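Contents: one structure, followed by commentary.
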Amino acid sequence: MKNPLLRGTALASLGVVAFSLTFPATAWGLESFGPWSLVALRSVLAAAIAGVFLLARRVRPPAREHWTGLAVVAGGVVVGFPLLTTLALQTSTTSHAAVVVGLLPLTTAALSALRTGTRPPRAFWAAAVAGAVVVLGFTLAQSGGSLSAGDGYLFAALLVCAAGYTEGGRLARTLPGWQVIGWALVLCLPLSVAGSALGLAYEPVHLTGHGLAGLLWAAAGSTFLGLYVWYRGMAEIGAPRASQLQLAQPLLTLVWSVALLGERLAPAAPAAACAVLVCIAVTQRVKQPRNDLNC
């Protein structure tokens, strides 16, 4: 595509589709591995994939000034978000977790505005807040008006993931998106290897087809491929605009939860889907400040 906006939107949307499968894949992975083992092994496998790409392309290490940003990406999207959401999924269903994490677009947009100093128009924020309200209302309706025990993990996951997305989007202006996540994974490799050894030593392992498939998708699909296209798309259209595409992610995850895990879809899901899609349409049509499109 020659149009940067269309190309960026398509890439970011592919990332959203990949991310929407993360929770079902994690639920499958927990059938075979403990939470700490699953997160560490996921990171090790993803780092191995990234390392092969980096070596095959003979990519030179990033400049010194990029490593702090890469550490933020690593802490947010490689370690923090996977660990916190995996711990949450021990007590929460994937559908419940999906709608709570549906607040991520607004969190990312807010952190991006603070980080870059940009100020999207009021109409953008109004649509973003409306989408977040829909997601929050759907969450409370699903859980009978109260928050689940895993919600603390999920809300913490929102903050660290939004920070990682924002910093990754900034780095993707100067580094290809796959290199951003690739070097972040490599940076975490020593910690991931140590975590895998400790996790496998203390947590029981019961290998199943679902468990292995979940681990492989979480590593290759969600952690590497998904973040690769996501950061490329974010570099094209800006973090606030790209983040609003994620309003569709919890609804996609609900579909996968029914299709792959057999969970029951809440009756309010179709209405929530329509409301969220309207919010996405509004945020995508609102004109962004010029410097924000490249954040």
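Some notes on this structure:
- The residue of the range 223-261 that is surrounded by the most Cβ atoms within 10 Å (Cβ to Cβ), among those that are within 18 Å of Glu167 (Cα to Cα) and among the hydroxyl-bearing types (Ser, Thr, Tyr), is Tyr231.
- Identity of the residue in the range 1-17, open to solvent by less than 10 Å² (accessible area, probe 1.4 Å) and within 14 Å of the chain's Cα centre (by Cα), that ends up farthest from Val78 (Cα to Cα): Ala12
- Residues satisfying the stated conditions in the range 78-95, i.e. open to solvent by less than 30 Å² (accessible area, probe 1.4 Å) and of a type in the set (Ser, Thr, Tyr): Thr85, Thr86, Ser92, Thr94, Ser95
Every residue, every condition in (1) farther than 30 Å from Gly262 by Cβ; (2) β-branched (Val, Ile, Thr); (3) under 16 Å from the mean Cα position of the chain (by Cα), yes or no:
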position: Ser37; (1), (2), (3): no, no, no
position: Ala40; (1), (2), (3): no, no, no
position: Val77; (1), (2), (3): no, yes, yes
position: Ala97; (1), (2), (3): no, no, yes
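For every residue, the table says whether it meets (1) part of a loop (DSSP other than H, G, I, E, B); (2) closer than 24 Å to Leu104 by Cα; (3) touching a residue at least 24 places away in the same chain (Cβ under 8 Å).
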residue	(1), (2), (3)
Leu6	no, yes, no
Val16	no, yes, yes
Ser32	yes, no, yes
Leu41	no, no, yes
Ala46	no, yes, yes
Leu55	no, no, no
Glu65	no, no, no
Leu70	no, yes, yes
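- Which listed residue, of Gln288, Gln284, is in a loop (DSSP other than H, G, I, E, B) and either modelled with pLDDT of 75 or more or out of contact with any strand residue (DSSP E or B) (no Cβ under 7 Å at 6 or more places or on another chain) (or both): Gln288
- Selected residue (only one of Val129, Val101, Val133 is open to solvent by less than 30 Å² (accessible area, probe 1.4 Å) and either modelled with pLDDT of 80 or more or not in a helix (DSSP H, G or I) (or both)): Val101
- When Ala74, Ala27, Ala123 are screened for being open to solvent by less than 10 Å² (accessible area, probe 1.4 Å) and either part of a helix (DSSP H, G or I) or touching a residue at least 12 places away in the same chain (Cβ under 8 Å) (or both), only Ala74 passes.
- Checked against (1) in contact with a helix residue (DSSP H, G or I) (Cβ under 7 Å, 6 or more places away or on another chain); (2) open to solvent by less than 60 Å² (accessible area, probe 1.4 Å); (3) among the aliphatic types (A, V, I, L, M), Leu200 passes all but condition (2).
- Some residue of the range 169-191 being open to solvent by less than 60 Å² (accessible area, probe 1.4 Å) and hydroxyl-bearing (Ser, Thr, Tyr): no
The values are calculated or read from the model by the stated rules, or taken from the named source; none is laboratory data. What you see is a predicted model, and the numbers here were worked out from it, not measured in a lab. Note that we place each Cβ from the backbone using ideal geometry, even for glycine, and neighbour counts take in every protein chain shown. Side chains included, ligands, DNA and RNA excluded: accessible areas come from the protein's heavy atoms. Shrake-Rupley method; radii C 1.70, N 1.55, O 1.52, S 1.80 Å.
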